[in-house]
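The values are calculated or read from the model by the stated rules, or taken from the named source; none is laboratory data. Everything quoted here is computed from the prediction, not taken from an experiment. Please note: Cβ atoms are built from the backbone with ideal geometry, for glycine as well, and neighbour counts cover all protein chains shown.
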């Protein structure tokens, strides 16, 4: 084993109105021997999230619960948790997700990484108790910046399942060395932005097929309710990375530009739809006449939305039957005896 399996992981949970799920998330983290500390940041919840989280304290002194009186967004919450913690490894856990038992040992058995992610099992919003993921044959591969960005460009007619869903464990030393933290201007794509900047600074990003993270599919997830403004901020943040002198190679800059255009097209479509909803079709047509460069993206987006609706493809995540798992990565299961 090339990496220690001692308790050296900090699990960070940003929570907003998560009374129904925060307890399960915390319990799954407390059950992991590698977890040295858990920092929950209640991001201005209007329910009892803080109290429910604090009640999960198991007496080991590993759980801390912080609170923002006013909602500041997941980036600010995660940055606050990072600053409040000290463990050398940082793991992000969404408040409505949870870990399968034994998640970290498989990743810590690998060496030479700054970020490492395992497979994700998408699970129904009401997960069955005792659901166990498949065991996969051991495979570890490196993820380049080009692979990462290209894997986040949605393909027409395909259910969402981008590499950006991965939840890597990150080395604090690498983040500190390069001054990397979450961009607090972003409320959409903040994970993607951080991982992109880490890769741009030379991070060694590895991915294994072992499944240790359960992502709960919910129609009302925050990522499915982003604002038009959030899209603008995301493509502008990506543009800033691309235009940073000497940061990217020409090949890297080219793929980042493709993703930037992908997000910009989504933004152009949302702007047109917002104007139509507020002022009607005539107002939308006037807008497009004033901004003709947006016309191709809007027409393509409207057509794709209609095709996806006909095929039953939703933008909020992959549907999963109750009691089943859908894996993000196509691993090869180990035959069960």
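The table below gives the values:
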{"read-out": "Residue check for residue 74: farther than 23 Å from residue 163 by Cβ and assigned by TED's automatic domain parsing to the domain that holds residue 168", "value": "no"}
{"read-out": "Residue that is modelled with pLDDT of 95 or more and surrounded by fewer than 17 Cβ atoms within 10 Å (Cβ to Cβ), where the choices are 43, 57", "value": "57"}
{"read-out": "Residue match in region 9-22 (condition: touching a residue at least 24 places away in the same chain (Cβ under 8 Å), part of a helix (DSSP H, G or I) and crowded, with 21+ Cβ neighbours inside 10 Å)", "value": "yes"}
{"read-out": "Whichever residue in region 168-188 is more than 13 Å from the chain's Cα centre (by Cα) and more than 14 Å from residue 85 (Cα to Cα) and, among such residues, is surrounded by the most Cβ atoms within 10 Å (Cβ to Cβ)", "value": "183"}
{"read-out": "Residue among 277, 240, 253, 265 that is in a helix (DSSP H, G or I), modelled with pLDDT of 95 or more and either farther than 25 Å from residue 147 by Cα or in contact with a helix residue (DSSP H, G or I) (Cβ under 8 Å, 6 or more places away or on another chain) (or both)", "value": "253"}
{"read-out": "Close pairs (7 angstrom Cβ cut-off, 6 or more residues apart or separate chains): in the same structural domain as residue 17 (by TED's automatic domain parsing) and in contact (Cβ under 8 Å) with a residue 24 or more places away in the chain in region 49-61, assigned to a loop (DSSP other than H, G, I, E, B) and surrounded by 15 or more Cβ atoms within 10 Å (Cβ to Cβ) anywhere", "value": "49/17; 49/18; 49/19; 52/19"}
{"read-out": "Filter pass, residue 271 being within 29 Å of residue 17 (Cα to Cα) and in the same structural domain as residue 96 (by TED's automatic domain parsing)", "value": "no"}
{"read-out": "Residue among 234, 299 that alone is part of a helix (DSSP H, G or I), out of contact with any helix residue (DSSP H, G or I) (no Cβ under 8 Å at 6 or more places or on another chain) and either modelled with pLDDT of 90 or more or over 17 Å from residue 164 (Cβ atoms) (or both)", "value": "299"}
